[in-house]
Amino acid sequence: DAMRGLSQQLTTGLPSTPRCSPTITDRAAQHCRAFLRQPFSSEQARQGLQTGRRGRCRVGRQAAAPLGQHVQQGLASSSGSCSSRSHVPRSTPEHGAAADTEVRNLAIIGSGPAGYTAAIYAARANLQPAVFEGYQAGGVKGGQLMTTSEVENFPGFPQGITGPDLMDRMQAQAERWGAELLTEDVESVDLSQRPFVINGTDTTVRAHSLIVATGATAKRLGIPSEEQFWSNGISACAICDGASPGFKGQELAVVGGGDTALEEALYLTKYGKHIHLLVRSKNMRASKTMQDRVLNSDKITVHLNVTVEDAYGNNKGQLAGLHIVEESGEKKKLPVKGLFYGIGHQPNSGFLNGQLDLDDKGYVKVHHGQVGTNVEGVFVAGDLFDTEWRQAITAAGSGCMGALAAERYLASNDLLVEYHRQPQEEKAKEPEKEKEPKQELSPEDIDLEETKHRGQIALRHLYHTSNRPLIVFYTSPSCGPCRSLKPIVFKLADEYHDKVHLVEIDIETDADIAEAAGVNGTPTIQLFKDKARVENLPGVKMKSEYRQKIEALL
């Protein structure tokens with residue numbers, strides 16, 4: 001197998017690549033992927049070997065001389081053709097992950113502005129990076145912008161753009177230039193060996209360089225009853241859950257004093273009767289523009305220097321209010337139906353297991369004032385190291401720096417292998433949307449042979465007439481996690497196309513259905529069999545968990 005990849009390299013000569021890996025098996029693996037789709041004979045190997053020996057390419061001459069004898073011995077014992085796949089020695093994958101037989105130039109962990117920008121620059125430099133977008137750990141794929149309603153300060157969008165739309169465009173641009181996107185979490189990395197080993201949920205990748213751009217996750221307040229009311233009145237994402245029926249027309253509270261908290265308070269004015277902004281210090285830390293918007297809103301009351309001690313509920317187990325301590329020291333009850341957190345973030349660095357230098361808060365330390373770390377060949381980008389600016393544009397800039405630094409590292413260490421290709425489309429296009437199920441307007445419009453449906457008319461009809469398990473998928477238009485989960489759920493439904501029915505419910509359009517179902521946030525999936533609800537699954541779960549639940553109903 002190594003001979004096949006090497007022979008392809010010797011045949012082509014790679015005259016445009018001045019530096020390549022000195023490790024023959026690695027180099028062979030890096031060049032064989034596309035070639036292995038074609039039949040390969042021993043005669044081609046001989047021709048490639050001869051071409052390499054007499055060619056002008058330095059890689060060909062150096063590789064042919066020491067391996068010539070081994071290649072000829074391999075050819076002598078070969079049956080005339082090699083196997084259809086290559087197998088390169090590598091670390092044993094963890095948790096049943098599939099082995100990636102290539103050694104990559106670069107792996108990128110993370111998919112926010114930093115991760116996608118790094119992917120764009122690396123892909124355009126012909127590095128063909130493998131990008132672990134994430135799925136469940138450390139937030140949703142696309143990062144914190146997936147829970148941001150309007151981005152008004154990202155250059156190039158004079159009318160503003162939603163966070164999820166911006167991430168969709170960045171993702172499409174990275175794919176267009178050849179980045180390989182893996183929608184799975186990284187469970188561990190091994191930086192003690194070369195190449196580095198990245199163990200994902202389903203895939204294990206080896207790479208000569210690594211960019212870590214895993215960002216940060218919203219902090220929780222840690223009050224005693226937090227778990228009791230989580231997703232039942234308490235949330236860390238107003239954009240995801242604010243449209244829930246239980247919050248409409250109600251008094252709500254937001255904790256925090258930065259841009260995130262103020263943005264959530266402003267967003268909630270679309271749904272809540274009145275919003276209480278609970279600032280735990282004497283001043284708000286948000287930008288002057290955001291402060292002015294909040295102070296000028298007659299639907300928001302700002303409480304300064306307030307402490308939230310706990311929450312209390314009603315006889316139905318739902319959040320009914322908060323126990324707070326005001327600046328004067330007076331304790332009082334604040335009746336609210338919802339509490340939203342906007343109190344900062346904590347870095348997603350736990351999976352590194354101490355292999356990179358961290359500060360006392362868990363942020364990665366950078367060296368030489370740039371994006372390098374204490375491990376040569378490992379770079380960091382975005383909010384995982386930026387403790388000062390924390391903007392989408394600065395995260396994107398650091399992603400660019402990380403990609404350029406990785407390319408220089410690979411070239412200077414004779415590790416760089418270029419993959420020359422054209423972008424998938426000469427003209428950039430809008431990201432493709434997953435085909436949506438149609439909205440049925442009457443029971444006569446419903447085709448029971450179809451798997452995917454939309455709206456309350458379809459739900460009511462299928463609930464009473466379908467003999468299949470029923471998947472009800474609750475979403476909202478502004479929900480970033482819904483956007484990430486939707487193609488996964490739709491594809492899962494397609495796998496069971498003649499065994500289940502799926503109905504998507506927009507909780508804003510069909511608020512009465514969501515309220516009757518007790519949905520307090522999106523995304524939420526409920527499973528029914530024989531008119532009985534058997535599962536309630538709020539938030540984003542692993543695809544394997546959804547599949548397991550569905551299989552149990554079949």
message: Rounded to the nearest percent, how much of the accessible area of the stretch 122-218 (1.4 Å probe, protein heavy atoms only) is carbon and sulfur?
response: 44
message: Suppose the Debye formula is applied to equal point scatterers at every Cα of the stretch 111-198; what is log10 I(q)/I(0) at q = 0.12, 0.19, 0.20 Å⁻¹?
response: -0.40, -0.89, -0.96
- request: Report the trypsin sites (Lys or Arg not before Pro) located in the stretch 461-554 that are in a DSSP loop and have at most 15 other Cβ atoms inside 10 Å of their Cβ, or state none.
  value: Lys499, Lys531
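So how much slack lies between Glu326 and Asn413, counting 0.36 nm per residue of separation and subtracting their Cα-Cα distance, in nm?
Values: separation 87, 0.36 × 87 = 31.32 nm, distance 6.00 nm.
Roughly 25.3 nm would be gained on extension.
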- line: Amide H neighbours of Glu150 at under 5 Å, excluding residues fewer than 5 places away on the same chain, with H built from the backbone geometry, are Gly163
- line: Cα-Cα longer than 25 Å, checked against Lys332/Lys361; Lys219/Lys452; Lys337/Lys549; Lys499/Lys543; Lys248/Lys549, kept in input order, equals Lys332/Lys361; Lys219/Lys452; Lys337/Lys549; Lys248/Lys549
- line: Working note, the stretch 230-293: Cα radius of gyration (Å, one decimal) and Dmax (Å, whole number) are 11.5, 33
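Considering only protein heavy atoms and a probe of 1.4 Å, how much of the accessible area of the stretch 398-554 is carbon and sulfur, as a whole percent? Please report the intermediate quantities before stating the final value.
Working: 3800 of 7960 Å².
Taking all protein chains in place, the stretch 398-554 shows 48 percent carbon and sulfur surface.
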- line: Mean shadow area (nm²) of the C-alpha convex hull around the stretch 431-554 is 7.2
statement: Once Arg421 and Lys288 are pulled to full extension, the length gained, defined as 0.36 nm per residue separation minus their Cα-Cα distance, is 43.2 nm
field: Peptide ranges 269-277, 380-388 listed from the most packed, as the mean C-beta count within 10 angstrom indicates
entry: 380-388, 269-277
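With viscosity set to 0.890 mPa s and temperature to 25 °C, compute the Stokes-Einstein D of the stretch 131-175, Rh being the Kirkwood radius across alpha carbon pairs; µm²/s, no decimals.
Numbers: Rh = 11.2 Å.
Approximately 219 µm²/s, per Stokes-Einstein.
About its Cα centre, how strong a charge dipole does the stretch 327-411 have in debye, to the nearest 20, once Lys and Arg get +1 and Asp and Glu get -1 at the Cβ? Write down the numbers at each step before the final one.
Details: 8 positive and 10 negative charges, 107 e Å.
That gives a dipole near 520 debye.
Please quote Rg/Rh for the stretch 260-339 to two decimal places, taking the Kirkwood radius as Rh and restricting both calculations to Cα atoms. Mind dumping the intermediate values first?
Working: Rg = 13.2 Å, Rh = 13.4 Å.
With Rg and the Kirkwood Rh in hand, the quotient comes to 0.98.
For a Förster distance of 41 Å, can you work out the FRET efficiency between the beta-carbons of Arg194 and Glu388, rounded to the nearest 0.05?
On the way: r = 33 Å, r/R0 = 0.80.
The value I calculate is 0.80.
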query: Each residue of the stretch 108-114 in order: what ³J(HN,Hα) in whole Hz does its phi give by Karplus 6.51 cos²θ - 1.76 cosθ + 1.60, θ = phi - 60°, with x for Gly and Pro?
result: 10, 10, x, 9, x, x, 5
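Would you please give the FRET efficiency between Leu554 and Asp445, computed as 1/(1 + (r/R0)^6) with r the Cβ-Cβ distance and R0 = 35 Å, to the nearest 0.05?
Details: r = 27 Å, r/R0 = 0.76.
Efficiency at R0 = 35 Å is approximately 0.85.
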- line: Simple spin-label estimate for Glu152/Glu495, 7 Å along Cα→Cβ, in nm, reads 4.3
message: Straight-line reach only, C-alpha to C-alpha below 16 angstrom: list the aspartates and glutamates that Lys299 could link to, leaving out same-chain residues fewer than 8 apart.
response: Glu251, Glu263, Glu264
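Between Asn296 and Met542, what's the calculated FRET efficiency when r is the beta-carbon distance and R0 is 41 Å? Round to 0.05. Walk me through the numbers before you get to the answer.
Details: r = 44 Å, r/R0 = 1.07.
E(calc), rounded to 0.05, equals 0.40.
Find the Cα radius of gyration of the stretch 470-530, compare it with 2.2 N^0.38 Å by division, and give the number to two decimals. All intermediate terms of the calculation are to be shown ahead of the outcome.
Numbers: Rg = 11.5 Å, N = 61, 2.2 N^0.38 = 10.5 Å.
Against the empirical 2.2 N^0.38 Å value, I get 1.10 for the stretch 470-530.
Show me 392-399, 445-452 ranked by packing, highest mean number of other Cβ atoms within 10 Å first.
Packing order, densest peptide first, comes out as 392-399, 445-452.
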field: Cα convex hull of the stretch 186-343 - mean projected area over all directions, nm²
entry: 12.7
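Calculate, in nm to one decimal, what Ser225 and His367 gain on full extension: separation in residues at 0.36 nm each, minus their alpha carbon distance. Before the final figure, lay out the partial values.
On the way: separation 142, 0.36 × 142 = 51.12 nm, distance 4.17 nm.
Value of the extension gain: 46.9 nm.
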Largest-first principal axis extents of the Cα set of the stretch 152-256 (Å): 55, 42, 23
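The values are calculated or read from the model by the stated rules, or taken from the named source; none is laboratory data. It should be emphasised that the depicted structure is a prediction, and the values quoted were computed from it without experimental measurement. Positions of Cβ are generated from backbone atoms using ideal geometry, with glycine treated the same way; all protein chains shown enter the neighbour counts. Please note that ligands, DNA and RNA were not included when accessible areas were found on the heavy atoms of the full protein model with its side chains. Shrake-Rupley method; radii C 1.70, N 1.55, O 1.52, S 1.80 Å.
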